[in-house]
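See structure below.
Just so you know, all these numbers are worked out from the coordinates, no wet-lab data involved. Only a predicted model underlies this, so the values are computations on that prediction, with no experimental measurement involved. Note: ideal-geometry Cβ built from the backbone for every residue, glycine included; neighbour counts use all protein chains shown.
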Amino acid sequence: MPEEAAGVLAEAQPAEKKKLKAPVGTLYRGTEGMWSWVLHRITGVGIFFFLLVHILDTALVRVSPEAYNAVIGAYKTPIMGIGEIALVAAIGFHALNGLRIILIDFWSLGTKLHRPLFWAVIVLWIVLLVAFVPRHLMHVFGG
């Protein structure tokens, strides 16, 4: 009888090991929570570097007003106008996702509704961009 029990135990172990295995190739599963985390970090770093450049170019006023005027003139190009769209998109997503994170942290239903909240952030973000981008492009290319 102990031999039969050992055989049953040996057969059960591979099935248990299969259940505990991580997905092949990655620890991430590609769900809304992961993408929210990744996009929040990317937009945060992008906003940080924009603010760093903004502080440095504004500091040029004290060093050389002519250099400051040259930098501001470079910002008035269409390429920088498109860059402003990327900046507004990053700030908008980061802000809306930050509100989502606050809801998840402080609302009792937040953790249960994190997926619908993520998609609400995406939809609202797209709606806001659809309202902003055409008007901004008219300003950038219209003169």
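A residue that is out of contact with any Lys or Arg (no Cβ under 9 Å at 6 or more places or on another chain), within 23 Å of T31 (Cβ to Cβ) and basic (K, R) occurs nowhere in region 54-65.
So for region 34-56 (the condition being of a type outside the set (A, V, I, L, M), over 30 Å from I122 (Cβ atoms) and surrounded by 11 or more Cβ atoms within 10 Å (Cβ to Cβ)), does at least one residue qualify? Looking through region 34-56, none of the residues is of a type outside the set (A, V, I, L, M), over 30 Å from I122 (Cβ atoms) and surrounded by 11 or more Cβ atoms within 10 Å (Cβ to Cβ).
Those helices (runs of 4 or more DSSP H) of region 25-143 in which 2 or more residues are in contact (Cβ under 8 Å) with a residue 60 or more places away in the chain occupy 32-63, 78-106, 114-142.
Condition check: of a type in the set (G, A, S) and closer than 22 Å to V45 by Cα. Does G73 satisfy that? So G73 does not fit the description; no.
When I79 is tested against (1) farther than 30 Å from G142 by Cα; (2) loosely packed, with under 12 Cβ neighbours inside 10 Å, only condition (1) is not met.
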